[in-house]
1. Is it the case that segment A:69-82 has a residue that's in contact with a Phe, Trp or Tyr (Cβ under 9 Å, 6 or more places away or on another chain) and not in a strand (DSSP E or B)?
2. Being closer than 28 Å to B:Cys91 by Cβ, within 14 Å of another protein chain (Cβ to nearest Cβ) and hydroxyl-bearing (Ser, Thr, Tyr) narrows it down to one of A:Ser85, A:Ser93, so name that one.
3. Could you pull out the residue among B:Gly109, B:Gly66 that is away from every other protein chain (no Cβ under 14 Å), surrounded by 20 or more Cβ atoms within 10 Å (Cβ to Cβ) and of a type outside the set (A, V, I, L, M, F, W, C)?
4. Hey, could you check segment A:52-68 for residues that are of a type in the set (S, T, N, Q) and within 20 Å of A:Glu2 (Cβ to Cβ) and say which is farthest from the other protein chains (Cβ to nearest Cβ)?
5. Out of the residues in segment A:40-51 that are more than 9 Å from chain B (Cβ to nearest Cβ) and surrounded by 12 or more Cβ atoms within 10 Å (Cβ to Cβ), which is farthest from B:Gly111 (Cα to Cα)?
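The values are calculated or read from the model by the stated rules, or taken from the named source; none is laboratory data. Remember, predicted model here, so these are calculated numbers, not experimental data. Reconstructed Cβ throughout: ideal geometry from the backbone, glycine too, with neighbour counts over all protein chains shown.
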Amino acid sequence: GENVEQHPSTLSVQEGDSAVIKCTYSDSASNYFPWYKQELGKRPQLIIDIRSNVGEKKDQRIAVTLNKTAKHFSLHITETQPEDSAVYFCAASLGTGFQKLVFGTGTRLLVSP
Amino acid sequence: EAGVTQSPTHLIKTRGQQATLRCSPISGHTSVYWYQQALGLGLQFLLWYDEGEERNRGNFPPRFSGRQFPNYSSELNVNALELEDSALYLCASSLAVTGGWGTDTQYFGPGTRLTVL
């Protein structure tokens, strides 16, 4: 069935540390995996996405890795800063040609100065 | 370039009433999606419209419906409101499905917070 599991639900780190959030998906046909950041009271903002034809993608301090065989993907944030504090959602597309995204339940990241 | 806009920002209704939420996509985007985000929970897919037609819907009862207009803006209607319908309703837009990759990046609006009393 359609399912994306996300862990951990909360993550507290010290400024400068790295943070890793992991998601697993169930639909083997999923081919698009975006990550969104949602600050309190604001809209979800796309921070990085990856398609199934690549295994890793980086954008400055943010990287995403994808393991299609194991059906899991991870968000890596290095040198965390207090402004990285937010709720992060992973998502996976449902099937090929489908625009439906199935979202994880979110990870609340708290970066302490 | 203007982003996705939604109105109203807040909406307060009572049980049994109807609510209408509106969304304007990014210029050039033809697909509009609706999501429900209940307090403390993730985003639940509601509906997807493209080129004026409903393409897919999530596991929600028929009292959740909507439409897309010729200018690609969209309305979400919720009939016979129930207390558990209280949530943030997010609209997103994207370009049309392209090639074999299917899914295009979805950009979210600020949401409409619906409170049912």
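1. Here is the first cut: in segment A:69-82, the residues in contact with a Phe, Trp or Tyr (Cβ under 9 Å, 6 or more places away or on another chain) are A:71-73, A:75, A:77.
Filter once more, so that each one left must be not in a strand (DSSP E or B): A:71.
Within segment A:69-82, one or more residues are in contact with a Phe, Trp or Tyr (Cβ under 9 Å, 6 or more places away or on another chain) and not in a strand (DSSP E or B).
2. A:Ser93
3. Working: B:Gly109 fails: away from every other protein chain (no Cβ under 14 Å).
None of the others qualify; the one that does is B:Gly66.
4. A:Asn67
5. Of everything passing the filter in segment A:40-51, A:Ile50 is farthest from B:Gly111 (Cα to Cα).
Yes or no, residue by residue, for (1) at pLDDT below 90; (2) polar (S, T, N, Q):
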| site | (1), (2) |
| --- | --- |
| B:Leu21 | no, no |
| B:Ser27 | no, yes |
| B:Trp34 | no, no |
| B:Gln37 | no, yes |
| B:Arg55 | yes, no |
| B:Ser65 | no, yes |
| B:Leu81 | no, no |
| B:Trp101 | yes, no |
| B:Phe108 | no, no |
